[in-house]
Amino acid sequence: MRVTLNLTLRSCGPATDLLGNSIQSGKRLAATALKFCRCMAGPSEDRARTVLRSEGLGKVCFALGLVFCQFLVMASTAQAQSDYPNKPIRMIVGFPPGGSTDIIGRVVATKLGERLGQKIIVENRAGAGGTIGADAAAKAAPDGYTLTIGTTSTHAVAPGVYSKLAYDPIKSFVPVSLVAVTPYLLVVNPKVEAQNLKDFVALAKREPGKMNFASAGNGSTTHLSMEMLKGAAGIDLQHVPYKGNAQADLAIIGNEVQALFGSMPALLQNAKAGKVRALAVGTAQRSPALPEVPTVAELGYPGFEASLWLGVFVPAGTPKPIIDRLNKTLVEIVATDDFKTLMERNGADPISNSPEQFAAMLRAGLDRYGKVVKTLGLRLD
């Protein structure tokens, strides 16, 4: 920040002298203040006091110096916000490449980067049902240059199944906007005898504990969805956790596991190609992507619902102007025909909302899944 003051002084006696002295004093004070701020920015407050004493200034100026430094910080922050973004942005995805969160996250990163005029780099930090990536995002600087794709798993389910979660889904983040909701799809390997959900339940009851199922990780929504079905149908299956949807998908295609209640984007093409057999969808209504596949609810389990929402979060403390700009841009992106087509191609519903609406949705999800986790008695640590 540079302030230039140009004055032309005409001879007018004592008034001219007084004004000239004031300007010189002002220059001196400004120079001293800059020295002071440099010291305050460093490790030693004593050095800052020494600067003031050496310039013949006392306690009052020390207090004024603090105010001046605060003003400079505020001005610098405002300038940074008005220029946002002026460098590449990082988007943390808590699951490996190829899974539903990664697929949708990369679409969002590409579209958002195009509109903001900066590249958005996707960083996959997989493990522990997405909580490793969420924790990394929570600890990032709240400057708008770290975003994360939060999901039902990382922000609504994990707090119920992990007693020592390293982040708080409410306090550690600010929700920016929802971007999509995807149905969960119950599939089996084609070698499994079951042709429909009724057959699947009958087979599991005939051979309790023999069949196993994959998930995207302990505490993930894929894990919880199957646990919900187990409870509703009264069946016993063995859980095999993987590091993400992509690995779980490969496991069921390779017949390492027999079943998976996974997210639609990661499974849709494999289901259409016959690499897995779709038995039911977890949402209340059938999915337009697979209209021939019935819902779990209509097959004898009323009220059953399993889906995955995905949205953009930033670390708590991120300036509101940045949050507002990101929200406005995301809402515009989700409304475009191009984005809708990309989501529908992957079996996802494009949905956006305001930060306040997203926050209310998150609180409702925490309450709902917290009750489910408690009822099922799930605890992962």
Please list, by residue number, every one of the GluC sites (Glu not before Pro) in the stretch 192-296 that is coil in DSSP and has at most 13 other beta-carbon atoms within 10 Å. Glu193, Glu292
Using the count of nearby Cβ atoms within 10 Å as a rough guide to exposure, how do His155, His223 rank from fewest to most? His223, His155
Output ordering of 263-271, 346-354 (per-residue mean of other Cβ within 10 Å, highest first) is 263-271, 346-354
Would you mind checking the pairs Lys119/Lys275; Lys210/Lys371; Lys171/Lys198; Lys119/Lys374 and listing those with alpha carbons more than 32 angstrom apart? Lys119/Lys275; Lys171/Lys198; Lys119/Lys374
Give me Ser177, Ser163, Ser220 sorted ascending by neighbouring Cβ count inside 10 Å, so fewest comes first. Ser163, Ser177, Ser220
For the residue pair Arg115 and Asn255, what label-to-label distance in nm results when each label sits 7 Å from Cα along the Cα-to-beta-carbon direction? 4.7
What's the exposure ranking of Met361, Met343, going from fewest to most Cβ atoms within 10 Å? Met361, Met343
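Every number here is computed from the coordinates shown, using simple stated rules; none is lab data. Note that the structure is a prediction, hence the values are computed from the model and not measured. Note that each Cβ is placed from the backbone with ideal geometry, even for glycine, and that neighbours are counted across all protein chains shown.
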